[in-house]
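Each remark here refers to the structure printed beneath this line.
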Amino acid sequence: MKQQNRFFLHLMAALSISTGAVAAQPAAAADINALLARAAAADKGGDHAATIKALEEALETVRVAAPLTVKPFILVNQPAKFYGDFAPRANAVFRGGEAQQFYLEPKNLVYPRTATGTYEPAFEVDLRILTAAGKVLVSQDRFGSFRLPTKSAVQDLFLNLKVTLTGAPPGEYGVRFVVRDLNSKKTATVTQPITLK
């Protein structure tokens, strides 16, 4: 943790996963059109399991190619207990020393399969505290680091992130998170303006 001479930064990261949705990992070079045709043929034949499998493979193919996104990314009243369990905070105005609690869902991470057959998504979150003009005041690389070995390619991942600016003067700031997929070159950056009273 990097201490700035103007104020202290207290940080906490927590990762939670929900196993409600799983998807199969397709071959890297799978053709989405072929997968969709296979799903259509299976559906026409009434084979629901094969239809779902082909659609999941097509979806995973698109996720691997798609950019990393973080949606939703919101200030919340309290940490989520499960995927989608968030209540947006009414405003972004905080008293000095009051914690800022964030909820975010990283999407389109790459899920490689290990030699033992497990999937292993892995990502890190960097933190930046900015002035209203965008100048970096505090920089914390690897604010959170997550490696999640799992038997299924779980897609319902969410993060509870908490930041507290203690001793910071009143004013406008930006809280920026950079999510980096460790299994690819994908990154996503999200920023929340806040006001300290």
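Quick check on my filter: what residues within segment 84-130 are basic (Lys, Arg) and in contact with a Gly (Cβ under 9 Å, 6 or more places away or on another chain)?
Within segment 84-130, just Arg128 meets the criteria.
Return yes when Leu104 is surrounded by 15 or more Cβ atoms within 10 Å (Cβ to Cβ), assigned to a strand (DSSP E or B), among the hydrophobic types (A, V, I, L, M, F, W, C) and at pLDDT 95 or above and no when it is not. Walk me through how you get there before you give the answer.
Details: surrounded by 15 or more Cβ atoms within 10 Å (Cβ to Cβ): yes; assigned to a strand (DSSP E or B): yes; among the hydrophobic types (A, V, I, L, M, F, W, C): yes; at pLDDT 95 or above: yes.
Yes, satisfied.
Can you tell me which residue within segment 174-193, out of those that are of a type in the set (Gly, Ala, Ser) and surrounded by 17 or more Cβ atoms within 10 Å (Cβ to Cβ), is nearest to Phe146 (Cα to Cα)?
Looking at residues that are of a type in the set (Gly, Ala, Ser) and surrounded by 17 or more Cβ atoms within 10 Å (Cβ to Cβ), I get Ala188.
Look at Leu109 and say whether it is outside any loop (DSSP other than H, G, I, E, B), touching a strand residue (DSSP E or B) at 6+ places or on another chain (Cβ under 9 Å) and surrounded by 15 or more Cβ atoms within 10 Å (Cβ to Cβ).
no
Among Leu182, Leu157, Leu196, which is in contact with a strand residue (DSSP E or B) (Cβ under 6 Å, 6 or more places away or on another chain), over 19 Å from Arg63 (Cα atoms) and not hydroxyl-bearing (Ser, Thr, Tyr)?
Just a single option satisfies the conditions, and that option is Leu196.
Tell me which residues, restricted to segment 51-95, are surrounded by 12 or more Cβ atoms within 10 Å (Cβ to Cβ) and either free of Cβ contacts under 8 Å to residues at least 24 places away in the same chain or aromatic (Phe, Trp, Tyr) (or both).
Of everything in segment 51-95, those that are surrounded by 12 or more Cβ atoms within 10 Å (Cβ to Cβ) and either free of Cβ contacts under 8 Å to residues at least 24 places away in the same chain or aromatic (Phe, Trp, Tyr) (or both) turn out to be Thr51, Ile52, Ala54, Leu55, Phe73, Gln78, Phe82, Tyr83, Asp85, Phe86, Arg89, Phe94.
The values are calculated or read from the model by the stated rules, or taken from the named source; none is laboratory data. Quick caveat, the model's predicted, so the values are computed rather than measured. Reconstructed Cβ throughout: ideal geometry from the backbone, glycine too, with neighbour counts over all protein chains shown.
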